[in-house]
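Derivation of every value follows stated rules applied to the coordinates shown; laboratory data play no part. Because the structure is a prediction, the values reported are computed rather than measured. Here the Cβ is made from the backbone with ideal geometry for all residues, glycine too, and neighbour counts use every protein chain on show.
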Amino acid sequence: MPLTLHAAFVPSALQMLGTASHLLDKTEGWCATRECDHSAILGAQLIDDMLPFTYQIKSVAEHTAGAIAAVRKGVATPDLNPPPSTFDALREKLDGAKEAMKALDEEEMEDWIGRDMRFEFKETRLAFTAEDFLLSFAQPNFYFHCSAAYAIARHFGVEIGKMDYMGRVRARQG
C-alpha cells in the first residue's frame, strides 16, 4: 500500500508537537529549580537576528495545525501576531495544534493531493500542490523551529539531550 499524505505528515507533526511540549516542560522545570526570570529564557535568542524561544515554539504549532488550516483555505500566510508570552500560553497553543492534528481524517487529506496551494508573504508568492506545501515547506519548518527551540534551551543550560529532541519515535513493538 502506498504511503498516504496523512501518514507522511501527521505522525511527524505530532512527534514534533510532543517534543516542543516536552521542551517547554523541561525548560519551565529548569527555571523553577533556579528561580530564574521566565521572561529571560522565553525571550532568548541564539543570535540577535533570530527570533526568540517563544516564536520558535509558536512556529511548531503554526507549521503543523496552521499548515493544515492553510491547505483548507488554499493559501498560507505567516501568522504575524506576537507569540504567547508564558509557558502556559505556549502549552495551550501546542495543545490546540495537537488536537487539530489528531482530528485529521486520512480520506480528507488524500482528497487534497494535487490541489493548488500557495504561500504568500509580502512580495513572495510560491505555488504548490497541497502535498508539496505540507512535505517540502511546512514539515521542514516545524523541524527547524523545534530544533531552534531545543538549541536555545540547551544554550541556556537546560539539561536536555538528543532523545529529548527526538521525542516519541515510532519504533515497532515486539
Between helix 87-102 and the chain, what is the angle of the helix's C-alpha long axis to the longest principal axis, kept within 0 to 90° and rounded to the nearest 10? 20 degrees
I need to check one value: relative contact order of the chain, counting alpha carbon pairs closer than 8 Å and at least 6 residues apart, in percent. 37 percent
Quick check for the chain: number of Lys pairs with alpha-carbon distance under 24 Å, counting only pairs 8 or more apart or on different chains? 18
At a 10 angstrom cut-off on C-beta neighbours, averaged per residue, how do the peptides 11-21, 36-46, 104-114 rank from highest to lowest? 11-21, 36-46, 104-114
Quick one: length gained pulling Lys26 to Phe156 fully straight, 0.36 nm per residue minus the C-alpha distance? 45.6 nm
For the chain, what proportion of DSSP beta bridges, expressed in % and rounded to the nearest 5, is antiparallel? 75 percent
Residue-by-residue Karplus 3J(HN,Hα) for the range 150-165, coefficients 6.51, -1.76, 1.60, Hz, glycine and proline x: 4, 5, 5, 4, 5, 4, 6, x, 4, 7, 10, x, 4, 5, 5, 6
For the range 2-111, Rg(Cα) over 2.2 N^0.38 Å is 1.18
Sorted by packing (mean other beta-carbon atoms within 10 Å per residue), highest first, where do 126-138, 144-156 land? 144-156, 126-138
Positive end of the charge dipole of the chain (Lys, Arg +1 and Asp, Glu -1 on Cβ, about the Cα centre): tell me which of Ile57, Ala127, Leu104 has its Cα farthest that way. Ile57
Roughly how big is the chain's charge dipole about its Cα centre, with Cβ charges of +1 (Lys, Arg) and -1 (Asp, Glu), in debye to the nearest 20? 340 debye
